[in-house]
1. What is the packing order of peptides 130-142, 62-74, 27-39, 4-16, taking the mean over residues of other C-beta atoms within 10 Å and listing the highest first?
2. Short version: what are the Cα gyration tensor semi-axes of the stretch 91-147, square root of 5 times each eigenvalue, largest first, in whole Å?
3. Determine, from the Cβ-Cβ distance of Ser50 and His93 and an R0 of 22 Å, the FRET efficiency 1/(1 + (r/R0)^6), rounded to the nearest 0.05.
4. Which label marks the calculated value of semi-axes √(5λ) of the Cα gyration tensor in Å, given the options [x] 28, 23, 14; [y] 19, 18, 15; [z] 24, 18, 15?
5. How far apart, in nm, are two points set 7 Å out from the Cα along the Cα-to-Cβ line at Leu136 and at Ala24?
6. Extension gain Glu146-Asp40, at 0.36 nm per residue separation less the Cα-Cα distance, in nm?
7. Report, for the chain, the % of DSSP beta bridges that are antiparallel, rounded to 5.
8. Considering only C-alpha atoms, what is the centroid distance from the stretch 85-103 to the stretch 15-41, in Å?
Amino acid sequence: MPADEQLRDDAAVRLRAAGLRVTAPRVGVLVALERESHADADTVARHVRSSLGAVSTQAVYDVLHALTEAGLLRRIEPAGSAARYETRVGDNHHHMICRSCGVIADVDCSGVAPCLAPEHTHGFVLDEAEVTFWGLCPACQSANEENA
């Protein structure tokens, strides 16, 4: 089975498992984020339009919201950046972000979620902690060294 067809089939299975109807825009969004993780809504919309044709920006936002609410997507909001979306959900991972080009990489948590055990919870019931590492990716480091 070709890769694109497999991605669409996998997306349909995940939608059904989450109790959602399988629609072309929903499948398109999941496939787009499998191809390009940590994408913003505009990037997702471009990918969906390239495969489906005309899809409104509002439809893409509605799908992103519905899939996030259903637990099929994770929304991250890096400081100074538009919200980004990824299909890697349900685990304790963090992100590394390049200050120069904005590329985002996943970072696995080393050990049990220590950040979910603060000294004082102030009455909150905690279910997630987010750690973001900031720096320069290898490509931007090389570019900086060449320009120095």
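Throughout, read-outs are computed from the coordinates displayed, never taken from laboratory work. For clarity, every value in this text was computed on a predicted model and none was experimentally measured. Glycine gets a Cβ as well: all are built from the backbone with ideal geometry, and neighbour counts include every protein chain shown.
1. Ranking, from highest mean packing down: 27-39, 62-74, 4-16, 130-142.
2. Equivalent-ellipsoid dimensions as semi-axes: 32, 11, 8 Å.
3. Numbers: r = 28 Å, r/R0 = 1.29.
Working from the Cβ atoms, E equals 0.20.
4. Correct label, based on the coordinates given: [x].
5. Placing both labels 7 Å along Cα→Cβ, they lie 4.6 nm apart.
6. 35.2 nm
7. 70
8. Each part's Cα centre sits 18 Å from the other's.
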